[in-house]
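Asks: The structure is given below, and queries will be raised subsequently.
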Amino acid sequence: MKRVRIHAGTVGLVFKNGNYARVITAGKHWIRFSEQVIKYDLTQAFNAPKALEILLKDQALANMLTVVEVTDSEIVLVYENKNFKSVLTAGRYTFWNSLVDYKFVTVDLGKIDITENVNNVLFSTMQLRQYIRVFEVAAFEKAIMIVDDTFIKILEHGTYHFWKNEQTIKILKADMRQLQLEIAGQELLTKDKATVRINFYAQYKVTDIKTALMHNKDYEKQLYITLQLALRAFVGAYTLDELLEQKETIAQAVLEDVKTQAKVLGVNVLHAGMRDVILPGDMKDIMNQVLIAHKKAQANVVTRREETASTRSLLNTAKLMEDNTMLFKLKEMEYVEKIADKIGEITVAGNGNVIEQLKDIFSVNK
């Protein structure tokens, strides 16, 4: 016989000639020389040295162990004393149930929704990350969730976690802010066959995300084509002069025409406008010449109008002076004053009276 000491926090399994005999707990024990003792730490998982089915036939040992069975479509989250410890994959596991408070959460990987009571903090841990799929939907977005090519639901903004398995998950997103679509440098023909390049824009918002993403392929491209065709149709119905004069009217007409078709795309067009109408070089020269000629004609009209008004004023003044001698004299003195202002010096020759000579210079006989 020999004595074996089992310390607190450990147990011993006694084997005789290689066969399991019994379990011994903390304390001093006498065993035969033909028996062996294998000691185990009660804070660690139990790794059976023999077939577990044989060991569990001992009810005393079975009462000291917790057996966890994990199937191929499952994982088990192990918590020790309320703290997450590890992940168990397919297989059989045994734990001592005396010192450590174990908790086991079984996860069915056959589904994608995380319905188990798992703290979100754990999703980023190294042990659990490989089993999780993460999708982000920004604050200004909405998304549709498609599982195995079947529409499931609409997702609002946020972070979404799903179990990773053989099912395929697609998250299609749409920007829910007010967006702007540019049709730049579009070459079009007017009614009078003039070629122009037009820069056009439209502001829109996605109103029905399911219609936009599920019922239409590339809804933005379709909206672009719809605007392009509507713009081409309206521009072709106007001459160049009408186009330049009625840009806002045409933009509004395009907007009203496109709104109905945009609803089929799940989109609401809010505003549209024609930013630029660009003429080719030769057409620009012609328009400049027309503009110059037009401005010259306007200038000539203004000049003729001023000349006519001036002549009419002179005629009225002459009639008044003809009937009024005093007014004639006053006008005469006014002109003499103007002439005197322009004379720098006056030279008087001869021996005549100076006053008389000056009088003769500035006197005007009626």
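The values are calculated or read from the model by the stated rules, or taken from the named source; none is laboratory data. Note that the structure is a prediction, hence the values are computed from the model and not measured. FYI the Cβ positions are ideal-geometry reconstructions off the backbone, even for glycines, and counts take in every protein chain you see.
Asks: Given segment 247-366, what helices (runs of 4 or more DSSP H) lie entirely inside it while holding 1 or more residues that are modelled with pLDDT of 65 or more and acidic (D, E)?
Replies: 247-264, 281-323, 325-341
Asks: Yes or no: K221 of a type in the set (K, R), without any contact (Cβ under 8 Å) to a residue 40 or more places away in the chain and under 16 Å from E187 (Cα atoms)?
Replies: In short, no.
Asks: Condition first: out of contact with any Gly (no Cβ under 9 Å at 6 or more places or on another chain) and in a strand (DSSP E or B). Now tell me which residues in segment 187-245 satisfy that.
Replies: E187, T195, V196, Y204, K205
Asks: Follow-up. Being within 42 Å of the chain's Cα centre (by Cα), without any contact (Cβ under 8 Å) to a residue 40 or more places away in the chain and farther than 17 Å from I132 by Cα is true for just one of N117, N83, N97. Which residue is that?
Replies: Residue meeting the stated conditions: N83.
Asks: I want to confirm something. Restricting to segment 17-34 and keeping residues that are polar (S, T, N, Q) and in a loop (DSSP other than H, G, I, E, B), which single residue is modelled with the highest pLDDT? So that I can check it myself, show each step before the final result.
Replies: The initial filter retains those residues of segment 17-34 that are polar (S, T, N, Q), namely 17, 19, 25, 34.
After this cut, where a residue has to be in a loop (DSSP other than H, G, I, E, B) as well, the list is 17, 25, 34.
On the way: N17: 87, T25: 92, S34: 87.
Per the stated criteria, the residue is T25.
Asks: For segment 155-186, name all the residues that are in contact with a helix residue (DSSP H, G or I) (Cβ under 7 Å, 6 or more places away or on another chain), outside the structural domain of R197 (by TED's automatic domain parsing) and not aliphatic (A, V, I, L, M).
Replies: Listed by number, the list holds a single entry, H161.
Asks: Would you mind telling me which numbered condition in (1) within 17 Å of V23 (Cα to Cα); (2) touching a helix residue (DSSP H, G or I) at 6+ places or on another chain (Cβ under 7 Å) N97 fails?
Replies: Status for N97: all satisfied but (2).
Asks: For the subset of segment 25-57 comprising residues that are within 15 Å of A8 (Cβ to Cβ) and among the hydroxyl-bearing types (S, T, Y), which member is nearest to the chain's Cα centre (by Cα)?
Replies: By that ranking, first place goes to T43.
Asks: Hey, among the residues in segment 120-145 that are among the β-branched types (V, I, T) and without any contact (Cβ under 8 Å) to a residue 60 or more places away in the chain, which one's surrounded by the most Cβ atoms within 10 Å (Cβ to Cβ)?
Replies: Here the answer is V137.
Asks: Then there is this: Out of the residues in segment 141-184 meeting the condition of being of a type in the set (S, T, N, Q) and within 17 Å of the chain's Cα centre (by Cα), tell me which one is nearest to I198 (Cα to Cα).
Replies: Among those residues, the one meeting the criterion is Q180.
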